[in-house]
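Report on the following structure.
The values are calculated or read from the model by the stated rules, or taken from the named source; none is laboratory data. These numbers were taken from a predicted model, which means no experiment stands behind them. Because the Cβ atoms are built from the backbone with ideal geometry, glycine has one as well, and the counts that use them run over all protein chains shown. Accessible surface is based on the protein model in full, side chains and every heavy atom, while ligands, DNA and RNA are left aside. Shrake-Rupley method; radii C 1.70, N 1.55, O 1.52, S 1.80 Å.
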Amino acid sequence: MNGNRIKNALAVGLALVAGGLFAQAPVTISYMNFSGAGDMSPNLTKMKEAFEKRNPGIKVNIETFAYADYFTQLQTRAAAGKLSDAFELNYENFVAYAKRGALLDLASVGADTKGLAPKAVEAFAYAGKQYGLPESFSTVLLFYNQALFDRAKVGYPNSDWTWKDVQAAAEKIRALDKTIYGIYQPVQFWEFYKLVKQNGGSLVSADNKKFTVNSPANVATLTNIVERYTKSNVSPTSAQMGGVGDWDLFKSGRLGMIVTGIWAFNEFIRDCDFPWDVAVEPGNTARATHFFSNGIVVSKTAKNAKAAAAWAQFMASSNEAANIRLDASWELPAVTSPEIMAKYTKAPVPASRWAVYESLNYLVTPVVIDQNQEMVDILNQQLTAAKEGTKTPAQALSDAQKDLASKIKL
Amino acid sequence: MNRTKPGGWAQALPFLLPSALGLLVFSLLPLGASLLLSLTTWDGLSVLTSDVVRDTWVGLGNFGAVLGGAEFWRVLSNTFYFIVLYVPLILGSALAVSMLLNVRRAGVGVFRVLSYIPVLTSWVAGALIWKWILSPEYGLINDLLGMAGVQGPGWLLDRTWAMPGIVLTSLWKDAGYFALILLGGLQGISPSFYESAELDGAGPWVKFTRITLPLLSPILFLVVTITLINSFQLFPQIMIMTTREGMAPGEPLGATQVMVERIYTYAFKYYRMGLASAWAWLLFAVISLFTLLQFRLQKKWVSYDA
């Protein structure tokens with residue numbers, strides 16, 4: 001009798017201990033990313049800690065790679081069927097993974113897009129399914145050196161400015177000194193897709209079925225930006241740059257304006273010893289501004305899909321993650337909460353920080369297709385030929401059109 | 001008489017296995033896989049199964065697409081431009097360095113170490129330094145040319161001069177390595193040949209052309225074969241010096257696009273692993289052809305008499 005009691009007690013005890021152990025055994029999810037590389041690493045760790053505090057049953061195992069290596073890593077793992085449970089994708093690479101069925105429809109695990117910027121949410125949907133949640137987005141602004149504007153006696157850029165005003169200001173600033181330049185705006189795909197929209201053009205037809213790269217509006221757009229280098233020389237040629245980076249040129253006080261991303265804020269605040277500010281990028285016949293976004297997706301083969309989706313949700317829409325992001329000036333959280341927006345615009349430098357939110361009214365998304373990088377490289381090669389003066393803008397765009405039509409399936 | 005009887009395969013197998021396994025897993029299987037992939041349009045993203053191979057099967061379509069397009073021939077001509085400049089210059093410079101290293105004087109050991117340092121330097125570090133050396137406005141070479149009253153070219157920014165810039169960097173990096181191989185050959189030549197020639201009144205030039213070059217020809221042949229194969233496999237210099245993030249690789253305007261760079265770009269940037277595999281096999285064919293040609297030609301200039 002006693003023996004039975006002891007046995008029963010032992011069995012109950014063991015069951016309790018085992019039950020307790022299993023109930024508390026945390027689920028570990030793997031997360032692969034690029035945006036947390038370098039300086040941002042401690043901020044990603046803070047987000048992980050906040051998430052794990054809120055979700056004691058889930059542990060996040062973070063793997064971070066530099067952007068240059070990230071997509072090769074990802075591709076190799078995808079081919080081996082060993083993708084992380086959750087991973088980061090930028091908007092440009094999202095389609096390739098969504099189209100190949102590598103991602104989980106997040107609606108199936110209860111993901112919620114409420115409170116997230118609609119444009120960013122839309123960017124991570126494919127064929128009617130929400131395969132990713134946007135964690136951050138960023139845009140491009142016109143940054144300007146107020147000291148050079150004052151020296152050249154030119155009024156500061158404002159929301160009414162057009163390409164003509166930019167050119168006039170750039171010429172006056174260029175006239176200050178032979179080592180001072182008016183404006184730097186790279187001649188490459190990620191600028192061009194937006195510039196053509198500012199001039200009423202587009203790289204593809206309205207139904208996305210054919211390329212319209214060499215339309216008259218696009219040729220005029222390319223001519224305008226190329227002549228900054230080849231004719232008025234308000235922009236420094238590659239030889240004049242001599243290996244100096246565009247940000248370094250601005251920080252050295254030798255550049256009146258630069259069109260670049262808001263991710264430059266931290267570095268410019270730290271390194272510029274002259275007053276500077278920002279404005280929404282001027283257009284020509286229309287306004288159009290950049291859209292970049294990073295999102296978190298869950299692998300279709302994730303072992304712990306629900307936990308991985310919870311992590312994606314936390315990174316995208318929680319106030320904790322948004323605040324950590326804002327405190328670190330780590331791009332812009334994709335949440336539309338008024339408190340977060342107010343916190344972002346409250347920072348003193350640059351004074352016109354509100355321009356970030358204003359520019360969101362004119363966002364245009366780049367064409368994103370299956371053969372995206374190939375398309376970008378074909379266009380970049382021809383745009384560089386026009387910039388270097390080896391082809392006229394019309395010839396370069398005509399060659400790009402031919403090349404794209406023969407190599408890229410839309 | 002106690003003779004050790006050869007054990008045959010059973011005895012050799014444990015010794016052969018580690019290397020054979022490595023060869024099988026890391027060379028032969030990937031080779032076979034790449035040949036199979038070159039007949040498909042596999043994207044390198046989806047998990048490779050027999051169904052995927054069947055669905056993406058194009059037969060020789062990838063080879064037709066590569067050989068039928070202008071890109072292959074343009075890229076091949078870029079590679080030949082590199083070879084035409086690099087191979088004679090590396091042979092000349094490595095031979096010159098090896099002859100200097102072969103002099104028996106005090107301090108030559110220091111010179112031997114110094115000449116080998118570039119070989120030990122990582123390609124990334126070396127190429128970044130050379131990017132600065134070749135900078136049109138702030139670079140060392142154009143500064144020196146400027147002092148001599150010569151306007152330097154745009155080097156890596158100029159379609160004509162970008163490849164010579166890559167050649168200069170490669171010479172700096174490789175000369176020490178090939179000089180060391182040639183030094184081995186030079187030290188294998190018996191001094192008695194030179195002594196006899198001197199007794200017959202031969203000068204330095206005659207000794208060089210009639211003794212050094214013929215006796216060194218087997219080593220020179222080895223060096224030519226290696227440099228040619230290396231030239232077709234040109235890659236790190238291009239990725240570091242003329243490929244910028246966000247721009248088309250092999251700038252300017254594709255002037256430094258070469259075979260291996262194309263393989264990498266198609267496989268890992270454009271997600272076209274099938275096409276990249278076809279490029280890889282075409283590269284193999286080109287290298288094989290030239291190596292075969294060299295072996296045929298060697299009879300005319302390589303002397304194994306010594």
Total accessible area buried between chains A and B, 1.4 Å probe, in Å² to the nearest 100? 2500
Which lysines, if any, have their Cα less than 21 Å from the Cα of A:Lys114, not counting same-chain residues under 8 positions apart? A:Lys129, A:Lys306, A:Lys343
Express the relative contact order of the range B:55-301 as a whole percentage, based on alpha carbon pairs under 8 Å and six or more residues apart in sequence. 25
Cα gyration tensor shape for chain B, rounded if a/c is under 1.5, else prolate or oblate: oblate
Please work out how much accessible surface B:Ile117 shows to a 1.4 Å probe, ignoring ligands, DNA and RNA, in Å² rounded to 10. 80
Once you place label points 7 Å from the Cα toward the Cβ at A:Thr72 and A:Ser232, how far apart are they in nm? 4.1
In the full protein assembly as shown, how much of A:Glu49 is accessible to a 1.4 Å probe, in Å² to the nearest 10? 110
Two pseudo-spin positions, 7 Å from Cα along C-beta at B:Met99 and at B:Ile181, lie apart in nanometres by 2.0
Proximal lysines relative to A:Lys172, as straight alpha-carbon distance under 18 Å, when same-chain residues fewer than 8 apart are discounted: A:Lys153, A:Lys164, A:Lys231
Sites A:Lys210 and A:Lys114, calculated FRET efficiency, Cβ-Cβ separation with R0 41 Å, nearest 0.05: 0.65
So the FRET efficiency between B:Leu199 and A:Ser398, C-beta based with R0 = 45 Å and rounded to 0.05, is 0.05
Members of the range B:130-179 that become less accessible by 30 Å² or more once partner protein chains are added (1.4 angstrom probe, chain alone as reference): B:Glu137, B:Tyr138, B:Leu157
For chain A, what is the accessible area per residue in Å², given a 1.4 Å probe and the full set of protein chains? 42
Members of the range A:343-379 that become less accessible by 30 Å² or more once partner protein chains are added (1.4 angstrom probe, chain alone as reference): A:Gln373, A:Glu374, A:Asp377
For A:Asp160, solvent-accessible area (1.4 Å; no DNA, RNA or ligand), Å²: 130
Label-point separation (nm) for A:Ser337 and A:Ala168, each offset 7 Å from Cα along Cα-to-Cβ? 4.5
Name the shape class, rounded, prolate or oblate, that the alpha-carbon gyration tensor gives for the protein assembly as shown, where a ≥ b ≥ c are the square roots of its eigenvalues, rounded holds for a/c under 1.5, and otherwise prolate holds if a/b is larger than b/c and oblate otherwise. oblate
Residues of type lysines that B:Lys131 reaches as a straight line, Cα spacing below 23 Å, ignoring anything fewer than 8 places off in the same chain: A:Lys251, A:Lys387, B:Lys173
In Hz, Karplus ³J(HN,Hα) per residue of the range B:51-58 (6.51, -1.76, 1.60; θ = phi - 60°; x = Gly, Pro): 5, 5, 4, 5, 5, 9, 5, 10
Can you tell me, using C-alpha contacts under 8 Å and at least 6 residues apart, the relative contact order of chain A as a whole percent? 25
Run the accessible area of the protein assembly as shown with a 1.4 Å probe and give the carbon-and-sulfur part as a rounded percent. 61
Rank B:Met147, A:Met32, B:Met273 by accessible area, highest first, at a 1.4 Å probe radius? B:Met147, B:Met273, A:Met32
